[in-house]
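What follows is a short report on a single structure.
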Amino acid sequence: MLTEWMNVFCEFFDRNASQIGQVMYAEGCREGWLQGEMFRQSEDKDFMVNSYKIGSSGKALDLHGFRPRSSSSPQAMVGEIKIIATSFPNKNIAGRSNISEFINSDKTIVTQSHLDSVNPEEGSLLKDVVRLKGISDQNIEKYMILVIPEYESDKVNVNLKKALFGVEISSIHVKREYPDDHFSVRIWKI
């Protein structure tokens with residue numbers, strides 16, 4: 001069952017698929033643009049980007065909201081957005097080049113062992129998951145949003161693509177595919 005925040009995220013991607021597909025070609029500003037559009041289009045008058053900090057000197061999380069819709073009950077949320085194209089290096093999964101544990105089967109359920117072995121020096125999908133899991137406040141819903149551009153078909157890293165589509169971070173998740181706009185989205189509630 002999807003949460004109200006997941007429904008809001010899915011509606012955002014459905015409504016903006018064409019524009020998102022175009023912006024996926026604009027390296028260096030894609031994630032910031034997505035954050036800005038989510039901010040601009042949010043019904044939550046207190047929705048913020050890059051504001052929720054973990055610890056006194058921690059890096060801010062990408063998304064922070066308080067009410068999914070103006071008509072919804074209050075529900076605090078934080079989220080991270082990660083954009084990883086199928087042409088990127090393997091290190092984008094867990095900060096390491098070796099991703100064999102994520103491609104041995106069609107589906108890899110992420111365990112604490114996977115999270116414990118994340119390279120903290122490299123930005124990666126699972127590094128962001130570790131950050132989200134580090135939030136102890138149980139009243140805040142935590143979301144990992146993965147956007148997978150697929151516009152460089154001649155440069156696809158087959159192993160990374162398999163890992164991106166096979167990794168399961170949480171049993172509460174949704175996947176959206178936008179083949180006409182050359183990207184997919186995976187959203188997990190952590």
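Going highest first, how would you order 112-119, 167-174 by mean Cβ packing within 10 Å?
On the way: 112-119: 13.1, 167-174: 16.2.
Highest to lowest by the protection proxy: 167-174, 112-119.
Where does the range 108-190 land on Rg(C-alpha)/(2.2 N^0.38 Å)?
On the way: Rg = 13.9 Å, N = 83, 2.2 N^0.38 = 11.8 Å.
Relative to the rule-of-thumb radius for its length, the range 108-190 sits at 1.17.
Evaluate the charge dipole of the range 1-113 about its Cα centre and quote only its size in Debye, nearest 20, assuming +1 on the Cβ of each Lys and Arg and -1 on the Cβ of each Asp and Glu. Each step should come with its number before you reach the end.
Working: 12 positive and 13 negative charges, 52 e Å.
Dipole magnitude for the range 1-113 comes out near 260 debye.
Over the chain, with every protein chain in place, what whole percent of the accessible area is carbon and sulfur at 1.4 Å, could you tell me?
47
Under a plain spin-label model, where a point goes 7 Å from the Cα along Cα-to-Cβ, how far apart in nm are residue 165 and residue 4?
Modelled inter-label distance: 3.4 nm.
In a solvent-free Debye calculation with one equal scatterer on each Cα, what is log10 I(q)/I(0) for the range 41-84 at q = 0.32 Å⁻¹, listed in the order of the q values?
-1.09
Calculate for the chain the 222 nm mean residue ellipticity that helices alone would give, adding -39,500 (n - 2.57) per DSSP H run of length 4 or more and normalising by residue count, nearest 500 deg cm²/dmol. Walk me through the numbers on the way to the answer.
Details: 5 runs with 55 residues, N = 190.
Dividing the helical sum by the residues of the chain leaves -9000 deg cm²/dmol.
Using θ = phi - 60° and the Karplus form 6.51 cos²θ - 1.76 cosθ + 1.60, what ³J(HN,Hα) does each residue of the range 66-72 get, whole Hz, x for Gly and Pro?
For the range 66-72, the Karplus curve yields 10, 8, x, 9, 4, 9, 7 Hz.
Subtracting the Cα-Cα distance from 0.36 nm times the residue separation, let me have the gained length for residue 70 to residue 130 in nm, one decimal. Mind showing how you got there, number by number?
Values: separation 60, 0.36 × 60 = 21.60 nm, distance 3.03 nm.
Length difference between fully extended and current span is 18.6 nm.
Hey, if you drop one equal point scatterer on each alpha-carbon of the range 87-155 and run the Debye formula without solvent, what base-10 log of I(q)/I(0) do you get at q = 0.16, 0.24 Å⁻¹?
-0.64, -1.21
Give me the distance in nm between label points sitting 7 Å out from Cα along the Cα-to-Cβ direction at residue 115 and residue 91, one decimal.
Taking the two extended label points, one gets 2.4 nm.
Only Lys, Arg, Asp and Glu count, each charged at its Cβ (+1, +1, -1, -1), so figure out the dipole size of the chain about its Cα centre, rounded to 20 debye. Intermediate results must be reported in sequence, preceding the final value.
Values: 23 positive and 26 negative charges, 67 e Å.
Dipole of the chain, to the nearest 20 debye: 320 debye.
Largest first, please: the extent of the C-alpha atoms of the chain along each principal axis, to the nearest Å.
44, 37, 33
Mind listing the Cα extents of the range 1-79 along all three principal axes, in Å, largest one first?
34, 34, 24
Can you work out the PRE-style zone for residue 174? Point 7 Å along Cα to Cβ, and I want the residues of the range 109-152 with backbone N under 20 Å.
140-149
Using the Karplus curve 6.51 cos²θ - 1.76 cosθ + 1.60 with θ = phi - 60°, work out ³J(HN,Hα) for each residue of the range 28-34 in order, rounded to whole Hz, and write x for Gly and Pro.
x, 9, 4, 5, x, 5, 4
The values are calculated or read from the model by the stated rules, or taken from the named source; none is laboratory data. All values reported here derive from a predicted model rather than from experimental measurement. Virtual Cβ from ideal backbone geometry, glycine too; neighbours counted across all protein chains shown. All accessible areas refer to the heavy atoms of the entire protein, side chains included, with ligands and DNA or RNA removed. Shrake-Rupley method; radii C 1.70, N 1.55, O 1.52, S 1.80 Å.
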